[in-house]
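Colleague: I'd like to ask you about the structure that follows.
Just so it is clear, none of the values below were taken in a lab; they were calculated from the coordinates. These numbers were taken from a predicted model, which means no experiment stands behind them. Here Cβ is always computed from backbone atoms with ideal geometry, including for glycine, and neighbour counts include all displayed protein chains.
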Amino acid sequence: MAGERLGVRTPFKSRIRLMHRSLGSIDTETTDISDGGVYLVLDQCARPDIGELVRVQVLDLPYGEAPILDLQVVRCDETGLGLKFL
């Protein structure tokens, strides 16, 4: 069914770079992660619409730059965005 979570949420805090055409590039952080996606803290007024694609990159890794991943916005609330791994 649409909207059902595919995995258990695990608390996970990491700095993330969110990239989107309407937002540009914003450094933020995660609150949790699951097999299906991740939740990002985002307190700005302008946000991508549900269904839109965004790009994210984990920051501050000890071994160099992380790959840039495409994710889809599946939830938007007053504190951030729920993103689904593609």
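Colleague: Looking at the chain, which GluC sites (Glu not before Pro) are in a loop (DSSP not H, G, I, E or B) and have at most 16 other Cβ atoms within 10 Å? Don't jump to the answer; show the numbers that get you there.
Modeller: Numbers: sites: E4, E29, E52, E65, E78; in loops: E4, E52, E65, E78.
In loop regions of the chain (DSSP not H, G, I, E or B), the sparsely surrounded GluC sites (Glu not before Pro) are E4, E52, E65, E78.
Colleague: Here's a follow-up. Using the crude model of +1 on Lys and Arg Cβ and -1 on Asp and Glu Cβ, and no other charge, please compute the dipole size for the chain relative to its Cα centre, in debye to 20. Before the final figure, lay out the partial values.
Modeller: Numbers: 10 positive and 13 negative charges, 17 e Å.
Charge dipole, the chain, about its Cα centre: 80 debye, nearest 20.
Colleague: Would you mind telling me which residue in G51, G37, G24 has the biggest mean-square fluctuation in a Gaussian network model of the chain, where springs connect alpha carbons within a distance under 10 angstrom?
Modeller: Comparing G51, G37, G24 in a Gaussian network model of the chain, the most mobile one is G24.
Colleague: Evaluate the distance, in nm, between pseudo-label points positioned 7 Å from the Cα of L59 and of C76 along their respective Cα→Cβ axes.
Modeller: My value for the distance between the label points is 2.2 nm.
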